[in-house]
1. Any chance you could count how many residues in segment 101-116 are touching a residue at least 40 places away in the same chain (Cβ under 8 Å) and surrounded by fewer than 23 Cβ atoms within 10 Å (Cβ to Cβ)?
2. Among the listed residues R58, R128, identify the single one that is under 29 Å from D171 (Cα atoms), crowded, with 16+ Cβ neighbours inside 10 Å and charged (D, E, K, R).
3. For E154, are the conditions met, namely being in contact (Cβ under 8 Å) with a residue 12 or more places away in the chain and farther than 25 Å from F96 by Cα?
4. Sort out which residues of segment 1-20 are β-branched (V, I, T) and either assigned to a loop (DSSP other than H, G, I, E, B) or surrounded by fewer than 17 Cβ atoms within 10 Å (Cβ to Cβ) (or both), and write them in order of number.
5. Looking at segment 118-143 only, could you name the residues that are over 18 Å from E102 (Cα atoms) and not in a helix (DSSP H, G or I)?
6. Being among the aromatic types (F, W, Y) and either within 24 Å of V59 (Cβ to Cβ) or free of Cβ contacts under 8 Å to residues at least 24 places away in the same chain (or both) is the requirement here; does W166 meet it?
7. Under 6 Å by Cβ, and 6 or more places apart or on different chains, what pairs join a residue from segment 125-150 that is modelled with pLDDT of 95 or more with one that is among the hydroxyl-bearing types (S, T, Y) and surrounded by fewer than 23 Cβ atoms within 10 Å (Cβ to Cβ)?
8. Test D115 against the stated conditions and say whether it is at pLDDT below 95 and either part of a loop (DSSP other than H, G, I, E, B) or polar (S, T, N, Q) (or both).
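The values are calculated or read from the model by the stated rules, or taken from the named source; none is laboratory data. Every value quoted in this text rests on a predicted model; they were computed, and no experiment measured them. Heads up, the Cβs are rebuilt from the backbone with ideal geometry, glycines too, and the neighbour counts pull from every protein chain shown.
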Amino acid sequence: MPRTIGRLLVGVAHGDDETLGAGGTIARLADEGVRIRLCVLTHDDGSRSPSGEDVTNRVSAIEKAAEILGIEQVRIHEYGDNRLDTIGQLELNQVFEREVREFRPDTVFTTSLSDLNMDHQLVSRAVRVAGRPGRSGVREIRCFEVRSATDAGEAAGLPVFQPNCWQPLADAHVDRKLEALRAYGSEMEEWPSPRSERGVRALAEYRGSQVATPFAEAFELVRVVL
């Protein structure tokens, strides 16, 4: 029998990771009454801008996407985009340890160690430390896939993303995911990019086909206590 989720913490490096990786599932869980907090470590997209400036107004975009998905609480820290490798792992661990102590989630979602993006890897490690068995109270940890990061890791010799958990979604949940992604503006690309609306929907259809449902999101279930 599936375990009921009561409080979900989503821990990511960048605003949009949460939506690309688990936006449909977050929308579904919010509709089911799950209390959700989003913790984002970086507050800009400067490393991807030729000028080095935050061209997206990342904080505003994160808050808008969270509202669309039904996320109740948002915490945005002020680390630099794609600069988490200049921060000690201990400091990153402590950020998420504080989030776990304050919010007391029973479930945590985060990025995968398979991701080519170093920020994603560092956050995944920090979240796993914060949610380790014992006093954390975290009973389930899931890692999600972020297209163009997770699917690029294999060529760099990283472990392959191996989902072992699928969340079925209704068409309305996929629509909410796409609406939330539009809040990030320039992050959405044209087909055939995997970050295009068509690419996002195609992945949801593919993951759904793996478990005989119209749409789904896939996860690596790192740990679950029933």
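1. The initial filter retains those residues of segment 101-116 that are touching a residue at least 40 places away in the same chain (Cβ under 8 Å), namely 103-116.
Right, trim to surrounded by fewer than 23 Cβ atoms within 10 Å (Cβ to Cβ) and you get 103-104, 106-107, 113, 116.
Residues meeting the conditions: 6.
2. Values: R128 fails: under 29 Å from D171 (Cα atoms).
Answer to the check: R58.
3. Details: in contact (Cβ under 8 Å) with a residue 12 or more places away in the chain: yes; farther than 25 Å from F96 by Cα: yes.
The answer is yes for E154.
4. Let us first name the residues in segment 1-20 that are β-branched (V, I, T), namely 4-5, 10, 12, 19.
Within segment 1-20, T4, I5 qualify.
5. Correct list: R142, C143.
6. Numbers: among the aromatic types (F, W, Y): yes; either within 24 Å of V59 (Cβ to Cβ) or free of Cβ contacts under 8 Å to residues at least 24 places away in the same chain (or both): no.
Spelling it out, it is not the case that W166 is among the aromatic types (F, W, Y) and either within 24 Å of V59 (Cβ to Cβ) or free of Cβ contacts under 8 Å to residues at least 24 places away in the same chain (or both).
7. E140/T107
8. Numbers: at pLDDT below 95: no; either part of a loop (DSSP other than H, G, I, E, B) or polar (S, T, N, Q) (or both): yes.
In short, no.
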